[in-house]
Amino acid sequence: MITMEHVCKSYRIAKRNAGFKEACKALFHREQEEIQALRDVSFTIQDGEMVGYIGPNGAGKSSTIKILSGILTPDSGQCLVNGLIPWKNRIRHVKEIGVVFGQRSQLWWDVPVIDSFLLLKDIYSIPDSVYRSNTDELTELLHLKELLRTPARQLSLGQRMRCEIAASLLHSPKILFLDEPTIGLDAVSKLAVRDFIRSQNQLHGTTVILTTHDMQDIEALTSRILLIGRGEILLDGTLEDIKRGGQTIDETIAQLYQEYEI
Amino acid sequence: MKKYFSFFRLRFSMGLQYRTAALAGIVTQFTWGAMEVLAFRAFYETDANSFPMSLSATCTYVWLQQAFLALFAAWLMDNELLESIINGNIAYELCRPIHIYDMWFSKSIANRLAKALLRSFPIIFIAACLPAPYGLSLPADPGYFLLFLLTLVLGLAVTVSFCMLVHVLAFFTISPRGLQMIFVSAADFFAGGIIPLPFFPKKVQFFMELLPFASMQNVPLRVYSGSMTEAELAKALGLQILWLLLLLAGGRKLCQYGEQKLTVQGG
Amino acid sequence: MRQNRQNQTRNLPCQKRSIRHSFCLYTHYLSINIRSAMEYKSSFFLTALGQFLVSFHVFLGILFLFQRFSNVKGFTYSEVLLCYSIVLLEFSLAEMFARGFDQFSEMVRSGSFDRVLVRPRNELLQVLGSKFELTRIGRLLQALAMFFYGILQSHILWTPGKIITVIFMLFGGTCLFSGIFLLYASLCFFTLEGLEFMNIATDGAREYGKYPLSIYGKRMLQFTTFVIPYALVQYYPLLYLLDKRNGVFYVFLPLLSVLFLAPCYLLWRFGVKCYTSSGS
């Protein structure tokens, strides 16, 4: 279970002029400007839920994900993920989560994908039997058989994304964070990725938190939507709640953004 | 000609933007020069009679070398050019009505000039303030200073045309970076980047001075303090011009071959 | 139907495996780095050759210089060679195994450090593992050749104490250079611009470490004794090797420079902490 209560986070953006002297000065003292990334964010996500986390760029999506994955420490507020405070018990916490950054790769560029998997096996200390059953399952569901022996640099974007997702699930995480998993993919790959995520959730009860700009992702996958804007949760409900007759989901969301002026 | 000048101008103003890097570079170069001067001082104090030139001239050589490092250091190659061959972006350049060689040549010159402009003056200024004989001394006389400027320009042109040759070789090899490293380290050594050419044994020096590398930093840095006789100077100047012409002609020819090879193979 | 995938990961005892396991992971990183490098074999060997030549040319410089001068401040050709080769060995060892820090600015800039943080392993281990600069083997070989050449040329009477001193020098120096690379990486948490000046402490120390540090004058010796302790792995133990100083003290001096790692590591921890509170 994930709970966030009254989480606030502000950034200090360094205002610095160019120049070596300024850079040196900045080592000790910076002129700063404060930006409120999250203001009093609270929500609860039950085990096995699939949640779409949406909002315009700079609304606070990635800050939330970073806090939940233990990369970022909030200024105030409570946050518990499966009974752990992510940033305090980071090492223990991150064993239980999988993260897919859609625009960055975790595969080694020049070696076959399977080698990257084996390295991850060591990183997460996955026992042999678990590793074997998980790779077998992922290979079948994501159709990786042909890809595993190929160096990552030779894969197409869609193929690579499938491998990325598999790489994030090798250690059987209970929670999966997906940051724009379908960005830049062709239609076939998009459908394959969505199907897989759904089956993963049904099969293993994996909690899925999905940030995306692709509303079809949301429509296909999530029953619940969290809308964030200017650092606040503006809406927490199902797709049906917000959908108005006759509109496509893109139009609905665009209208929501307009209503909240975000 | 005008279009190459605009490449030059674009690149020059781009180079001027990296002021932070330039300041860090100045600090680095200055320390480097100071260490070099201290090392030469140690050798001088040990055995002054074995010095081929005066300590003051040696220190001046070191400071000028650090000040104009961006002009002559072979390792400061323009990576953009190499990258464009490796990743195939060169295809864009081939679509334009220009000579690739000339464009790259003007870009490289501009890049080096911009870097040197930001870095040289502060180093020259500080070095000139240092007490003799460890600082930068004045040129031998105004005539030598003019010759210094002339050979500086020629030396820069020779350096760039040599680097161009190495770049162009990237058309023909599968691992341009390793090859580049080998050429660069050899060029640095033979040009007097590690120890100035006068410090080599006489026989070795004779051969080294005939190589194109001696026509790079070696000539201007030595002309400045007037430690060359007139005969030596005439020979050095002649060699500079000869090598420049040869390297330019060779580079252009090779570049044409490379382009043809590229278009035939389709990248 | 929901079936929980087997998850035995948590049942493993965590403490027992940590050191051995870290070492295992480190060698795994090493092997994946070797395999990556071998994808571009010709490039690898040419670059290694290039690395070899870069140091070889510096060696030639020393050779030619010493044809003119018989010694510098009392240090002869073979003694300088020995000094330079030990510094170069230390540097190339540190470079091979700790150059992952060199690319750290890129890791911070591109955000790949986030990936490191969402993995349940020590951050330093992961950063180190991300890149081994194996082409430095060229420089290492050059240093080794020069080391043995220097030993043959010099007339050192090798005692157990001196052999231990050399081993300590190599160990201490590798730690010291690794510490400087770590320092560089730690600074990336605070600024990404103008860090070129760190080249003075890395490449500069390598280049100017070819002569015993005393030749640069008293102040430079003081600086390299107390601020960045190069002299502890270079000048003082060298005096012991060359019988210019006596005392067991000099044998163990290089080990002191390992202490330099402590402030670097603290700065790193502090940097990680700042990173997780600012997220940038």
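The values are calculated or read from the model by the stated rules, or taken from the named source; none is laboratory data. Just so it is clear, the model here is predicted, and its values are computed rather than measured. We place every Cβ from the backbone using ideal geometry, glycine too, and count neighbours over all the protein chains shown. With ligands, DNA and RNA removed, areas are computed over all heavy atoms of the protein, side chains included. Shrake-Rupley method; radii C 1.70, N 1.55, O 1.52, S 1.80 Å.
Each residue in region C:176-202 was checked for being within 18 Å of C:F91 (Cβ to Cβ), open to solvent by 20 Å² or more (accessible area, probe 1.4 Å) and more than 9 Å from chain B (Cβ to nearest Cβ), and 3 of them qualify.
Would it be correct to say that B:M208 is more than 8 Å from chain C (Cβ to nearest Cβ), part of a helix (DSSP H, G or I) and within 16 Å of B:T159 (Cα to Cα)? Yes; evaluated as a whole, the condition is true for this residue. Within region B:177-205, restricting attention to residues that are more than 7 Å from chain C (Cβ to nearest Cβ) and among the basic types (K, R), the residue that is farthest from B:W63 (Cα to Cα) is B:K203. For the criterion of being of a type in the set (K, R) and at the interface with chain C (Cβ under 8 Å from one of its Cβ atoms), A:R132 fails. Applying the set (1) in contact (Cβ under 8 Å) with a residue 12 or more places away in the chain; (2) among the hydrophobic types (A, V, I, L, M, F, W, C); (3) more than 9 Å from chain C (Cβ to nearest Cβ); (4) open to solvent by 40 Å² or more (accessible area, probe 1.4 Å) to A:I85 leaves exactly one unmet item: (1). Counting only helices (runs of 4 or more DSSP H) that sit wholly inside region C:33-143, those with at least 1 residues that are under 30 Å from A:G102 (Cβ atoms) are C:104-110, C:112-117, C:123-130. Checked across region B:236-259, the condition of being within 16 Å of the chain's Cα centre (by Cα), charged (D, E, K, R) and either open to solvent by 10 Å² or more (accessible area, probe 1.4 Å) or within 14 Å of chain C (Cβ to nearest Cβ) (or both) holds for no residue. Pairing each residue of region A:45-68 that is assigned to a strand (DSSP E or B) with any residue that is among the acidic types (D, E) and open to solvent by less than 10 Å² (accessible area, probe 1.4 Å), provided the two are 6+ apart or on different chains, yields C-beta distances under 8 Å for A:G52/A:D217.
Taking the criterion of being surrounded by fewer than 16 Cβ atoms within 10 Å (Cβ to Cβ) and either assigned to a loop (DSSP other than H, G, I, E, B) or aromatic (F, W, Y) (or both), would at least one residue in region B:141-162 satisfy it?
Taking region B:141-162 and keeping what is surrounded by fewer than 16 Cβ atoms within 10 Å (Cβ to Cβ), we get B:141-143, B:145-146, B:149-150, B:153.
Restricting the remaining residues to those that are either assigned to a loop (DSSP other than H, G, I, E, B) or aromatic (F, W, Y) (or both) gives B:141, B:145.
Yes - at least one qualifying residue is present in region B:141-162.
Of everything in region A:57-82 that is surrounded by fewer than 22 Cβ atoms within 10 Å (Cβ to Cβ) and of a type in the set (V, I, T), the residue that is farthest from A:L235 (Cα to Cα) is A:T73. Of the residues that make up region C:232-241, is at least one out of contact with any Pro (no Cβ under 8 Å at 6 or more places or on another chain), open to solvent by 30 Å² or more (accessible area, probe 1.4 Å) and not aromatic (F, W, Y)? Checked region C:232-241: no residue is out of contact with any Pro (no Cβ under 8 Å at 6 or more places or on another chain), open to solvent by 30 Å² or more (accessible area, probe 1.4 Å) and not aromatic (F, W, Y).
Quick grid of which residues meet (1) within 12 Å of chain A (Cβ to nearest Cβ); (2) surrounded by fewer than 21 Cβ atoms within 10 Å (Cβ to Cβ); (3) out of contact with any Phe, Trp or Tyr (no Cβ under 9 Å at 6 or more places or on another chain):
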position	(1), (2), (3)
C:A98	no, no, no
C:M107	yes, no, no
C:N122	yes, yes, yes
C:F132	no, no, no
C:L141	no, yes, no
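Only one of the numbered conditions (1) open to solvent by 30 Å² or more (accessible area, probe 1.4 Å); (2) at the interface with chain C (Cβ under 7 Å from one of its Cβ atoms); (3) of a type outside the set (S, T, Y); (4) without any contact (Cβ under 8 Å) to a residue 60 or more places away in the chain is not met by A:V111, and that is (1). Only a single criterion out of (1) more than 10 Å from chain C (Cβ to nearest Cβ); (2) surrounded by fewer than 20 Cβ atoms within 10 Å (Cβ to Cβ) is not satisfied by B:I174, namely (1). Among residues of region A:1-34 being assigned to a strand (DSSP E or B), modelled with pLDDT under 90 and open to solvent by 80 Å² or more (accessible area, probe 1.4 Å), the one that is nearest to the other protein chains (Cβ to nearest Cβ) is A:R12. Sub-6 Å Cβ pairs linking a first residue in region C:260-280 that is away from chain A (no Cβ under 12 Å) and open to solvent by 70 Å² or more (accessible area, probe 1.4 Å) to a second residue that is at pLDDT 95 or above and in a helix (DSSP H, G or I), at least 6 apart or interchain, number zero.
Could you check region A:160-183 and list, in sequence order, the residues that are open to solvent by less than 60 Å² (accessible area, probe 1.4 Å) and either aromatic (F, W, Y) or farther than 17 Å from A:D136 by Cα (or both)? Let's see the steps before the verdict.
Going through region A:160-183, the residues open to solvent by less than 60 Å² (accessible area, probe 1.4 Å) turn out to be A:160-173, A:175-182.
Selection gives A:R160, A:M161, A:I175, A:L176, A:F177, A:L178, A:D179, A:E180, A:P181, A:T182.
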